[in-house]
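Enquirer: Please read through the structure below; I'll follow up with questions.
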Amino acid sequence: MTTTTTTPEAVIADARERIDAIDDRIIGLIQERAAVSAVVQQTRIASGGRRVHLAREMEVLNHFSEALGKPGTSLAMTLLELCRGRI
């Protein structure tokens, strides 16, 4: 039986690589979300509506808050700002 010894440094390096890959996926998803949000905003404006739908934003805030607690609300606010800009 062979035993592979993994050093703490190797474990940390591997974990950091995985985190970096996850972060890249998150960034890609945020960019995709922003593009979809732009379509929604443009369509809403073209049909005579407002750029921002506050009731929908509250749904997003509640969804993140329920899933992630108070930090989820902050994350959702940042996400909304990235996807629609400042009001």
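The values are calculated or read from the model by the stated rules, or taken from the named source; none is laboratory data. Since the model is a prediction, treat every value here as computed from it, not as a measurement. Heads up, the Cβs are rebuilt from the backbone with ideal geometry, glycines too, and the neighbour counts pull from every protein chain shown.
Enquirer: Right, residue 28: out of contact with any strand residue (DSSP E or B) (no Cβ under 7 Å at 6 or more places or on another chain) and on the phi > 0 side of the Ramachandran plot or not? I'd like the intermediate steps shown before the answer.
Expert: Working: out of contact with any strand residue (DSSP E or B) (no Cβ under 7 Å at 6 or more places or on another chain): yes; on the phi > 0 side of the Ramachandran plot: no.
It is false that residue 28 is out of contact with any strand residue (DSSP E or B) (no Cβ under 7 Å at 6 or more places or on another chain) and on the phi > 0 side of the Ramachandran plot.
Enquirer: Wholly within the chain, which helices (runs of 4 or more DSSP H) include no fewer than the required count, namely at least 2 residues that are at pLDDT 95 or above and in contact with an Asp or Glu (Cβ under 9 Å, 6 or more places away or on another chain)?
Expert: On the way: elements: 8-46, 54-68, 70-84.
The helices (runs of 4 or more DSSP H) meeting that bar are 70-84.
Enquirer: May I pose another question? Just give me the residues in the range 1-54 being of a type in the set (S, T, N, Q) and surrounded by 10 or more Cβ atoms within 10 Å (Cβ to Cβ), in sequence order.
Expert: Of the range 1-54, the ones of a type in the set (S, T, N, Q) are 2-7, 31, 37, 41-43, 47.
Matches in the range 1-54: 31, 37, 41, 42, 43.
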